[in-house]
Ligand code: 3PG
Ligand code: MG
């Protein structure tokens, strides 16, 4: 992995530091409902402020598509940040131009401001150079801490890095280090557990991983497609019948690469989908035409446990079943707890990320027990696909 600069490479005292964070946090009725992404970027902010930088924080929120959508203002985010920092956070109601310039110019050393939503300008998502230049006017140094936006080649994540001395923030650094330890230079055997509803949404992930990992554990709805492809009757289960050929191809690639595939051996099945509906545990070969698999069964969890005990590293993305609805969370909980236990005893490095995954691990009560949990959703998936992330590549290119 070629290197990039970090906060340690610059003297930031008295400098205006443009910090691209990802504060695209869940919000309801103008109130931040989950501050995880704010919390995770605090080490970078605190370090910069303590070193006497003037921090100009930029971020997007939602997808306003270049319109000034009032409900997508970053004011509540600035307030939530102020609460977390226990410090005054100034706010500029534009991210470029006079409104931004006057707020930035009024900052003293060790002070911070948040600029209004970058995506009020479509030039942001277009990675427009002139827009990036207007952002660059607001700072002396650019720091990117937004790993979860690194799959976007936008003005604030890509173009701007080429216009100012650039560095990765501490969160970006931690994410890249954890991910590199998981896939680029992992302790082997290396397992990937991939769950979630559909094969189609994770085709590239499965293809890439089947060539890299020693063991691919497949759960969730997508396991049904693999089982069906192997001639097993999955009844009414969610299943992408048209992807049977593709699933077989993935199995073949894996076999050729020496990657072991672990599929469910039993499932919790029901005739309808709902909380606490009548259900039973069935062997995979014993699913009836009018039943659907909503979770993996206890034998499958035991099997996953046994396999994980043979591994030194696991990358986890996606739930094993319909974990949002009881009792179909048991498979995800059981597998997650097994990974957490092995991590606690020091025999497993566990790295997880992606949309639903963090919620599933949180629900299983193991969020604190994994080695590393990424803040990224889409960027984590693209990394699992083996794609280059423009926001990371540019930091390397300019270093
Ligand atoms: C995210 O939450 O996935 C990131 O903030 C990126 O947002 P986007 O998917 O709207 O580009
Ligand atoms: Mg996204």
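Every read-out reported here was derived from the displayed coordinates using simple, explicitly stated rules and does not represent laboratory data. From a predicted model like this one, the values you see are computed outputs, not experimental measurements. Ideal geometry is used to build each Cβ from the backbone, glycine not excepted, and the neighbour counts take in all protein chains shown.
At-a-glance table
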quantity: Relative contact order (%) - the chain, alpha-carbon pairs under 8 angstrom, separation at least six; calculated: 16 percent
quantity: Two-decimal Rg to Rh for segment 164-229 - Kirkwood Rh, Cα set; calculated: 1.12
quantity: Length-normalised contact order of segment 1-142 in % [C-alpha pairs under 8 Å, at least 6 apart]; calculated: 31 percent
quantity: Listed peptides 343-351, 287-295 by packing density, highest first (mean Cβ within 10 Å); calculated: 287-295, 343-351
quantity: Prolate/oblate/rounded label for segment 55-100 (Cα gyration tensor, a/c 1.5); calculated: oblate
quantity: Rg ratio (alpha-carbon, reference 2.2 N^0.38 Å) - segment 255-348; calculated: 1.16
quantity: Debye intensity ratio in log₁₀ form over the Cα atoms of segment 1-110, taken at each q of 0.11 Å⁻¹; calculated: -0.38
quantity: Cα-projected label distance for residue 265 with residue 108, points at 7 Å along beta-carbon direction, nm; calculated: 6.8 nm
quantity: Between 0 and 90°, nearest 10: helix 170-179 axis offset from the chain longest Cα axis; calculated: 30 degrees
quantity: Beta bridge orientation in the chain: antiparallel %, DSSP, nearest 5; calculated: 20 percent
quantity: Translational D in µm²/s for the chain (Stokes-Einstein at 10 °C, 1.306 mPa s, Kirkwood Rh from C-alpha pairs); calculated: 71 µm²/s
quantity: Expected 222 nm ellipticity per residue - DSSP helices of 4 or more, -39500 (n - 2.57), all of the chain, to 500; calculated: -10500 deg cm²/dmol
quantity: Alpha-carbon Rg with Dmax, taken over segment 321-399, Å; calculated: 15.0, 51
quantity: Potential extension, residue 94-residue 245 segment - 0.36 nm per residue separation minus Cα distance; calculated: 49.3 nm
quantity: Distance histogram in 5 Å bins (all Cα pairs of segment 212-293, percent per bin); calculated: 3, 16, 24, 23, 16, 10, 5, 2, 0
quantity: Ordering of 182-192, 276-286 by packing [mean C-beta count within 10 Å, highest first]; calculated: 182-192, 276-286
quantity: Surface/4 of the Cα convex hull for segment 96-243, nm²; calculated: 12.9 nm²
quantity: Cα gyration tensor, segment 160-287 - rounded (a/c under 1.5), prolate or oblate; calculated: prolate
